[in-house]
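Working notes for the structure below.
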Amino acid sequence: MENENKPIEEVQDQGEKKTPSSRNAGTMLLLGLVVALIVGVGALYFVGVRGVKSQSQTPVVMKIAQVFHLPIAKVNGESVLYTDFIDNVQAMQHFYDTDTESLPRPTDEEMSDYVLSRLIINKLVADSAKEMDVTLSQEEVDKVVDEQILPNFENREKAEEEIKNRYGWSFDTFVNTIVRPTELEKKLSETYAAAHEPDDETTKAQAQSVLEQIKNGGDFEALAKQYGSDGTKDQGGDLGWFGKGVMIPEFEEVAFALEKGELNSELVKTEFGYHIIRVDDKRMTANEETGVEEEEVKARHILFPVGTTGADLFRDYMNGQLSKSNIQVAEGIHNPFEEFFAQQQALESGDTQEQNQDK
């Protein structure tokens, strides 16, 4: 769950003094900050207005939603208001209507997912900040505006004009909707990281815990998707077929010693971190150059890298907060965390099988 803003680029005119162009630098800033929008249903909460369920943006529906504080989602019992959702969607639509070159336009469902996921995450961040006693003062927000936002425009009036043109928002709305929650998340991340210094022993303990889950019947692929940290994560840790001399020695030695379908009973330490290794299949195949038959294995792994950063720890913490949250989304609205919770259910199913085996 990370909130990454693209870097603000200074645009320099050749042959002129190196000062940011108010149009170009400001546009790059807004292009970067639009990313801030990106990153069981309780039916009783959502009955009533048909227009709400179809994301109607008509003034009448918006007024009804505003008066009755209709939610489009609930996060641990707290409402994500329909009006906030539509306001953010409209701003995103406005941005892409005025920017036809920099970024490909998302589909309507993608916009809905981007906005709703960000609003839900904002709720979780706010709750976590409250638990950790992390606050963001108006002075801190003003400092970000003065030092990171306004310098990219000729003056405040130009900033207000550009934001109005790009988002359809006032400057204050822009600050409260994008800048403030972004900075709160950043401050919370820094606070959490400072209090949880990463170390190899912590990483090893986590890897060992996941290995024990797999030994007791946990779903390897689901756990790889949850805990994996390299490019194989989304494929459930699948490394495909490989022969000798491809992997680093410590990994290769274990992989070729295992039998088909066998899980290595211990963690494997390499320069990259701790690996959980399982061999799914083995075969003999002819070497293309020599014609000699050589052994290949088809394996999966889960990598727990050493030297985990504070940002990684915070991401894992927020994923944990998300996994135990009660998130209810209005009927007819796509839940952007549907796949995430499906993975959680797969993990819980593995735990249930483990408990049944123990009985």
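Residues of region 180-190 include at least one that is part of a helix (DSSP H, G or I), of a type in the set (A, V, I, L, M), under 20 Å from L313 (Cα atoms) and not assigned by TED's automatic domain parsing to the domain that holds G261. Scanning region 252-300 for residues that are at pLDDT 95 or above and among the aromatic types (F, W, Y) returns a single hit, F256.
Does K244 satisfy the criteria of being of a type outside the set (A, V, I, L, M), over 24 Å from the mean Cα position of the chain (by Cα) and at pLDDT 95 or above? So K244 does not fit the description; no.
The values are calculated or read from the model by the stated rules, or taken from the named source; none is laboratory data. All values derive from a computational prediction rather than experimental measurement.
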